[in-house]
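The values are calculated or read from the model by the stated rules, or taken from the named source; none is laboratory data. Source: prediction; values computed, not measured. Here the Cβ is made from the backbone with ideal geometry for all residues, glycine too, and neighbour counts use every protein chain on show. Accessible surface areas use protein heavy atoms only, side chains included; no ligands, DNA or RNA. Shrake-Rupley method; radii C 1.70, N 1.55, O 1.52, S 1.80 Å.
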Amino acid sequence: MNYPKFILNDKFEPQENDLILLIFINDKERLFLDSKPLEKIDIIAPKEPGGSTTLFRGSLYDKKNCMVRACRLDKKHSSPHEAIKEVISKHIDISKDEDIKRIVVLIAPEREPQWIKSIAEGAILGGYRYDDYLSKKPELPSIVCIYDKKLNKEEKEAIANAQKGFHWVNAARDLLNAPPVAINPHSLSKKFQELGKKAGLKVTVWDEKRIRREKMNGLLAVGSGSNYPPRLVIGEYRPKGAKKHLVLVGKGVTFDTGGYCLKPSEAQIGMKFDMAGAAACFCAACAICEIGIPIRVTVIAPLCENAISSTAYKTTDIIVMRNGKSVEVDNTDAEGRLILADALDLALEKDPDWLIDMATLTGACVVALGDDIAGLMGQDDDLISSIKSSGEGVGELFWELPLHMPYTEKLKSDIADTKNAGKRWGGAITGALFLKRFVPDDVAWVHADIAGPGVKEEPLGHLGKGSKGFGIKTLIELARRLID
Ligand code: MN
Ligand code: ZN
């Protein structure tokens, strides 16, 4: 993992090879104050919304060689905060070609400290690089935010906590970007143990024997084709005095070939991200624990690899699940719901006040909402709207799809209680309806299908290529809102 250093300073002293960014919210409104070293420069906003203009390049002050650039935020973005994150990440990308050592952003003291968080996010998440396998690691500039105002204790803490959260997003991205040769159920469970230890989470790992004793036959079936047997990871955070209990269940298929319903080769690209739900839930729990949000959190991550061999589960198999329901397998590529169903059944024993599962579950959800937006389906309207608004607040998008009960018909089987995949149309909803069979009506449960942003390879806003660590920022924000 590599990302730029973020530094908060109250004094502005240009250094050699600085890029100084002067941010305009629109053509008139400035985010910065004029300051002494910039006296010589004629500061004007770029004409185009979203544009940027180089105002100065050369010896600025004390013979320091600097570049000064004006950037305007008012384009396509719903919020100028999303725009500034993108401005920072764009300038990190070009810093090498322009020989920039530091990117300096000036913020006027009367502006709220929220801007500092956004700049930190642009730096830490926007500048993240997965470089574990590169023999030459990329050099990154540091990001310096100049804010000439004394912050109070709460403001300082909020900024420090935001940075902790971003770090956990990058930790998840490292797990996801790692190649399948490095990540299997066993190695991932070890990594979760290490990460949990750092955060202060209590972590328990079940091996295949324990999983068998627990009758988690869905997880065993999906994992039965791989030489790496399944694991189940439980992470627990129990702060003193916490009254409410949030239980997170994350899909952890370390690689999804589709099994005997083999994916075409192109569709296999990106399937190392099929554990995005597990990584998001686990790293969010680590962040909530490290930040110390006073809510009890349990995370359950079923881990397996969906592979092919003579022992792999097959189409038309029947699995008797942990809760006793039988499932006819009509598609071995609809494997996520099988491991989640057993994990949800286990989650019920933890007595949750809120139960959320997060999974790269269906291509149908990506067809419905595209790859920027995750789907939400469930049986608790308050929880759905809390997740949606938490996501909006941190720049992650969720949208509700109906849990339309009549579609349960599509899952009908003659020889078992249900099929796992069923008919094609409305696949995101039937995926959720399958899970619904394992969750009683009175549980505040929501299923988040993150197959779009969880698997997206192309850049998304300020987030570059590869994993986005989608969902973690939302879950941290949600935890905060649930205790209010
Ligand atoms: Mn699949
Ligand atoms: Zn899958």
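Observations, loosely collected:
- Scanning region 315-346 for residues that are open to solvent by less than 10 Å² (accessible area, probe 1.4 Å) and hydroxyl-bearing (Ser, Thr, Tyr) returns a single hit, 332.
- Subset of region 38-56 [open to solvent by 100 Å² or more (accessible area, probe 1.4 Å) and closer than 18 Å to residue 87 by Cβ]: 47, 48
- Residue list for region 293-333, restricted to those being among the small types (Gly, Ala, Ser) and under 22 Å from the mean Cα position of the chain (by Cα): 301
- Search result, residues across region 110-130 that are surrounded by fewer than 24 Cβ atoms within 10 Å (Cβ to Cβ) and farther than 24 Å from residue 149 by Cβ: 129, 130
- Test result for residue 444, surrounded by 22 or more Cβ atoms within 10 Å (Cβ to Cβ) and small (Gly, Ala, Ser): no
- Residue match in region 314-327 (condition: of a type in the set (Gly, Ala, Ser), within 16 Å of ligand 1 (Cβ to nearest atom) and not in a helix (DSSP H, G or I)): no
- Qualifying residue in region 354-372 (condition: hydroxyl-bearing (Ser, Thr, Tyr) and either open to solvent by 60 Å² or more (accessible area, probe 1.4 Å) or in a helix (DSSP H, G or I) (or both)): no
- Looking at 299, 249, just one residue is of a type in the set (A, V, I, L, M, F, W, C), surrounded by 19 or more Cβ atoms within 10 Å (Cβ to Cβ), away from ligand 2 (no atom under 16 Å from the Cβ) and in a strand (DSSP E or B), and that residue is 299.
- The number of residues in region 184-206 that are within 19 Å of residue 272 (Cβ to Cβ) and open to solvent by 40 Å² or more (accessible area, probe 1.4 Å) comes to 3.
- Only one entry of 135, 189 meets the criterion of being among the hydroxyl-bearing types (Ser, Thr, Tyr), without any contact (Cβ under 8 Å) to a residue 12 or more places away in the chain and out of contact with any helix residue (DSSP H, G or I) (no Cβ under 8 Å at 6 or more places or on another chain), and that entry is 135.
- Put simply, of 435, 478 the only residue that is within 22 Å of residue 404 (Cβ to Cβ) and in a helix (DSSP H, G or I) is 435.
- A single entry from 390, 386 fulfils the requirement of being away from ligand 1 (no atom under 16 Å from the Cβ), outside any loop (DSSP other than H, G, I, E, B) and surrounded by fewer than 20 Cβ atoms within 10 Å (Cβ to Cβ): 386.
- Number of positions in region 395-432 that are part of a strand (DSSP E or B) and either on the phi > 0 side of the Ramachandran plot or charged (D, E, K, R) (or both): 2
- Here residue 145 passes the criteria (1) open to solvent by 30 Å² or more (accessible area, probe 1.4 Å); (2) over 20 Å from the mean Cα position of the chain (by Cα); (3) not small (Gly, Ala, Ser) except the one numbered (1).
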